[in-house]
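Here's the structure, in structure tokens; my notes come after.
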Amino acid sequence: MKLSIVPLLVASTLLGIVSLVVSADDIATLRNATAIDTQKEPEAIPKVNNDDVRRSRAYPMQPPLIPHKIDNYQVDLNANKCMSCHSRERIEESQAPMVSVTHYMDRDGNFLAEISPRRYFCNQCHVVQHDAKELVSNQFVDMYQLMNQKQQESGNQPAESSD
Ligand code: HEC
Ligand code: HEC
């Protein structure tokens, strides 16, 4: 059987039209609409939120956000500054929440005495928050909001919210 080239032609024409419609200005880049041969005026470096108020989590498995500054906190082969406050032995003195028990588990689920190598580099998962507008907007909806919407649509009482 021979392949018809008509659908291919139609598809490539459509692609051509789409790429014409999306102009360079609409593409989200950190340079915005700055021309390629111009040096963009850099934005001011935003401040890190340092209010010590623990944030709620957007979903149960979310690594909690860091509510304090972490400037110059050393995390490398020689030292882990984070663990000087967040390890099991240090939390009484620091009054910081202990890293959760998952952070002491190896990949087979055994509990180790020390922080697991899988959780050593805290900033792989935990981040500070900046006092800044998001670069790319997002439309994330919390699951409680979704549940309430559904329940209101079906005429039931809204779900209990943790907010
Ligand atoms: C000097 C002690 C200290 C150090 C060092 C420290 N923290 Fe904290 N951390 C705290 C305290 C105390 C809190 C509780 C909230 C507050 O007071 O900021 C906290 C809160 C947090 C939370 C929020 C937990 C939650 O359940 O919301 C995260 C995540 C966190 N720290 C991660 C880190 C990471 C990652 C580092 C290293 C880059 C670090 N911390 C270094 C003391 C410390
Ligand atoms: C691979 C990702 C990952 C790494 C690396 C990691 N964490 Fe976490 N962390 C999480 C997740 C996910 C949670 C929430 C679920 C849980 O407790 O396991 C969490 C929870 C926490 C909590 C809150 C505990 C509680 O019970 O409220 C603290 C504090 C914390 N981490 C600190 C740290 C510190 C300090 C380090 C570095 C030594 C670190 N984490 C490394 C993913 C990570």
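Couple of notes before you dig in:
- Qualifying lysines (Cα of each under 16 Å from Cα of residue 81; at least 8 residues distant if same chain): 69
- Vicinal HN-Hα couplings computed from phi for the stretch 117-134 (Karplus, 6.51 cos²θ - 1.76 cosθ + 1.60; Hz; Gly/Pro x): x, 5, 10, 5, 8, 3, 6, 4, 10, 9, 10, 7, 10, 9, 7, 8, 6, 5
- Distant-in-sequence amide contacts of residue 105, defined by a placed amide H-H separation under 5 Å and a gap of 5 or more residues or a different chain, comprise 112, 116.
- Under-5 Å amide H pairs with residue 65, H placed in peptide plane, nonlocal only: 55
- Residue-wise HN-Hα coupling along the stretch 142-152, computed from phi with Karplus coefficients 6.51, -1.76, 1.60 (Hz; x: Gly, Pro): 5, 5, 5, 4, 4, 5, 4, 4, 4, 5, 5
- Shape category assigned to the stretch 59-129 from the gyration tensor of Cα positions, a/c cut at 1.5: rounded
- Ranked by how many other beta carbons lie within 10 Å on average, peptides 31-40, 58-67 from highest: 58-67, 31-40
- Cβ-Cβ FRET estimate between residue 112 and residue 76, R0 fixed at 25 Å, reported to 0.05: 0.80
- Table column - 3J(HN,Hα) (Hz), the stretch 62-67, Karplus curve with 6.51, -1.76, 1.60, x for Gly and Pro: 5, x, x, 6, 8, x
Every number in this text was worked out from the coordinates using simple rules, so none of it is lab data. In this text, all values refer to a predicted model and were calculated from it rather than measured experimentally. Please note: Cβ atoms are built from the backbone with ideal geometry, for glycine as well, and neighbour counts cover all protein chains shown.
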